[in-house]
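**Q** Encoded as structure tokens, here's the structure I'll be asking about.
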Amino acid sequence: MENFNYQLFDDKVILRVRDRVCSKPEHLLANPLFQDVLKRYIAELSRKRSPLLGIFAKEPVTGKDIDLLVTTFKYLLKVPADLVPRLDPDSEQFFRDRYLFNEFIEQFYNYWRRMHRLIICDSVGDRLDKRPYRTFHDTVETLMHVVRSTYRDLQENVTGNHPRIYRQVSAGAEAATIALPVEIKLPGAPYAILKDISVIRQVLIYPPMIYNSPMNKRKGEFERVSSNPLAGMNLNSQDWLCYPAKVGPLLILIYFTLPFFELGFSLSNLFELASDEDLEHKPDAVFLFGSPETITAGKNETIFFEDAASDLLVATIPNKEEFGYFGYLKKMALTLHNIKMMKQGKMPFHGALMNIKLRDHGSSTILVMGDSGAGKSETLEALRQIAGDDVEELITIADDMGSLAVDGQNRLIGYGTEIGAFVRLDDLQSGYALGQIDRTIIMNPDQVNARVVLPVTRYEEIVKGYPVDYVLYANNYEIVDASHPAIERFSNPEEALEVFRDGAVMSKGTTAATGLLRTYFANIFGPSQYQQLHEPLAKRFFQAMFDNRLFVGQMRTQLAIPGSEQSGPRATAQQLLNLLRTKE
């Protein structure tokens, strides 16, 4: 395997290749990475005092013992266990208990598969991105087959038996990318530190990907600072990659440090990857996820800066485990989007936007605003399920964030930001995520606030622009009764603004906050930091809603009411469906 190097970060391995990976099992066993991983595996067994070390004649296991084991593996690729000691008498120790030796191999294979594995195809001087399928085949697919065949050859020659059941698991890399040096239209210093970082042009993933991130909740707000956090920063370009994301109409360059690569590549299920044509334009923002910890430009460590001279937003989140959660990566990118939208005279929203076409009742576009855990997605999914075959078409425009504009006909037009969804598993209707489990990236499945990232719509839909018919606030904390209907219509902009501006929600454990929370427009991602800019926009847009006689109100999902986590959104969805069916 020429033109090859690797990096190991705890339970992560990153392979950088220029051409091809090893194509034969004997090449795999001779590779320094194989021997490095084997040493780490044996060291872990030693720490645990594992009985699997009984395959060796004595302990502690030395480098010479490991070399003998690798030599034994090489023989086992070609001949059965009975013949190996004749070729190397010292190998006899490994065959004293063949069951134990076979289990050692099995657990070594599992140890490798538990690692998060990434291949970076560095194609300097060879445009591998012009033939991505061939590139991925020569690297990811080849490595997967070589690792599996090596594992099976070893086990079959140790046991003398062929398996009766073969499980074709992903044994090579979980993710791969073709990453290139790209000349991006960025200003000079301090942005020069970014110019040598490779830019992702194609991505291959093997879903479902499952991993536990260091954290499973986000806390705090993002702080606007008065100085550029890139000033004085030093980066090693080999430790970073750039995911150029299309966040709605914007180009945001998201740089992530490789120890967080599983979070960085989860972006491929959330944001459209920018095209070559997109990269010919100046970016709207740059965001570094995993920046050096010495950056302390504000009271908080999750910060952004408005570079007015360059018309560029800059954000950084430091390389600390406490920020090792996908929510930080996603929400900072959306914060930058929201700020840009306000400066363009558009009103950002925190909510879900969908277009639904019902048989005999036409098409309706519904915007549901509200904070995380308010029941937005749950209610809209329940609506889809209840309507059943009456739904001729359902298009997700925004799952979390978007923006509103007023067109030349004075219509309220809604746009989205993401092609995917970062969905909480706890309260979902069955089938919402499980129906697409083979496309998902699953995070912290055994913890509270378990999440999946899955694609839900096409980029063309989020930037198309849909005239909005219904604007609702998701209230998850009030019980539905005679005085508090499931869906309540507001009579004027002032009444509506009072509820939307208050942004009340009962925490559902999606962040570190608890209890009944109130945040400005349920949106701490831009509007709360730019209230003087947002407030006139809100008044203008809500007036336009009533001028256009849109249905503006609130829906009580009861998602935070104990015992109503499933029934509440479903009951509200039924009332919403009844409302939609009144449309001719």
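**Q** Of all trypsin sites (Lys or Arg not before Pro) in the range 45-153, which ones are in loop regions per DSSP and have a Cβ with at most 10 other Cβ atoms within 10 Å?
**A** Here the trypsin sites (Lys or Arg not before Pro) that fit, given the DSSP loop and packing criteria, are 49, 58.
**Q** Which value in Å does the Kirkwood hydrodynamic radius of the chain take, with 1/r averaged over all unlike C-alpha pairs and then inverted?
**A** Hydrodynamic radius (Kirkwood, Cα only) of the chain equals 26.2 Å.
**Q** Antiparallel versus total DSSP beta bridges in the range 223-355: what percent is that, nearest 5?
**A** Taking every DSSP beta bridge within the range 223-355, about 50 percent pair in antiparallel fashion.
**Q** Carbon and sulfur: what percent of the chain's accessible surface (1.4 Å probe)?
**A** 47
**Q** Could you size up the charge dipole of the range 220-367 around its Cα centre, putting +1 on the beta carbon of Lys and Arg and -1 on that of Asp and Glu, and report it in debye to the nearest 20?
**A** 560
**Q** Mind listing the long-range amide H neighbours of residue 182? Cut-off is under 5 Å, sequence gap 5 or more, other chains count too, H placed in the peptide plane at 1.01 Å from N.
**A** Here 199 satisfy the definition.
**Q** Provide the per-residue ³J(HN,Hα) series for the range 239-252, in order, calculated from phi with Karplus coefficients 6.51, -1.76, 1.60 and θ = phi - 60°, each as a whole number of Hz, with x at glycine and proline positions.
**A** Values per residue, Gly and Pro as x: 9, 9, 9, 10, 9, x, 9, 8, 9, x, x, 8, 9, 10 Hz.
**Q** Oh, and also: I need the Debye-formula profile for the range 187-283: one equal scatterer per C-alpha, no solvent, reported as log10 I(q)/I(0) at q = 0.11, 0.16, 0.19, 0.24 1/Å, two decimals.
**A** Relative scattering, expressed as log10 I(q)/I(0), comes to -0.40, -0.86, -1.18, -1.45.
**Q** Can I ask one more? Total Lys pairs in the range 220-340 closer than 20 Å by alpha-carbon, pairs eight or more apart in sequence or interchain only?
**A** Value for the range 220-340: 11.
**Q** Work out from phi, with θ = phi - 60° and the Karplus expression 6.51 cos²θ - 1.76 cosθ + 1.60, the ³J(HN,Hα) of each residue of the range 266-279, listed in order in whole Hz, and give x for Gly and Pro.
**A** 3J(HN,Hα) across the range 266-279, in whole Hz: 5, 4, 5, 8, 10, 10, 4, 7, 4, 8, 4, 5, 4, 6.
**Q** OK, next. Give a residue-ordered list of calculated ³J(HN,Hα) values for the range 28-34 (Karplus: 6.51 cos²θ - 1.76 cosθ + 1.60, θ = phi - 60°; whole Hz; x for Gly, Pro).
**A** Per residue, the Karplus-derived 3J(HN,Hα) values read 4, 5, 8, 6, x, 5, 4 Hz.
**Q** Once every Cα of the range 4-175 carries one equal point scatterer and solvent is ignored, give the base-10 log of I(q)/I(0) from the Debye formula at q = 0.09, 0.11, 0.15 Å⁻¹, two decimals.
**A** These q points yield log10 I(q)/I(0) values of -0.33, -0.49, -0.87.
**Q** Run the dipole for the chain about the Cα centre, Lys and Arg Cβ at +1, Asp and Glu Cβ at -1, nothing else charged, and hand back the magnitude in debye, nearest 20.
**A** In debye, rounded to 20, the chain gives about 500.
**Q** Could I ask something else about it? Counting only Cα atoms, I'd like the Rg/Rh figure for the range 1-59, Kirkwood definition for Rh.
**A** Ratio of gyration radius to Kirkwood radius: 1.07.
**Q** What does the convex hull of the Cα atoms come to per residue for the range 140-249, in Å³?
**A** In the range 140-249, the Cα hull volume divided by residue count equals 210 Å³.
**Q** May I ask you to give the solvent-accessible area per residue for the chain, in square angstrom, as obtained with a 1.4 angstrom probe?
**A** 41
**Q** Something else: Where does the charge balance sit around residue 34 when Lys and Arg score +1, Asp and Glu -1, over other residues with C-beta under 15 Å from its C-beta?
**A** +3
**Q** Just going by the charge dipole of the chain, with Lys and Arg at +1 and Asp and Glu at -1 on Cβ, which of 273, 454, 175 is farthest out on the positive end?
**A** With unit charges placed on the Cβ atoms, the residue in question is 175.
**Q** Right, here's the next one. Take every DSSP beta bridge with both residues inside the chain and express the antiparallel ones as a percent of the total, to the nearest 5.
**A** 65
**Q** What residues qualify as long-range amide H neighbours of residue 219, i.e. H under 5 Å apart, gap of 5 or more or another chain, H built at 1.01 Å from N?
**A** 512
**Q** Between the alpha-carbon centers of the range 198-272 and the range 563-584, tell me the distance in whole angstrom.
**A** Taking the Cα centre of each part, the range 198-272 and the range 563-584 sit 37 Å apart.
**Q** All other residues with a Cβ under 11 Å from the Cβ of residue 478 taken together, and with Lys, Arg as +1 and Asp, Glu as -1, what is their net charge?
**A** -1
The values are calculated or read from the model by the stated rules, or taken from the named source; none is laboratory data. Note that the structure is a prediction, hence the values are computed from the model and not measured. Every residue, glycine as well, gets a Cβ built from its backbone with ideal geometry; the counts of neighbours run over all protein chains shown. The protein model used for the area step is the full one, side chains on, heavy atoms only, and it has no ligands, DNA or RNA in it. Shrake-Rupley method; radii C 1.70, N 1.55, O 1.52, S 1.80 Å.
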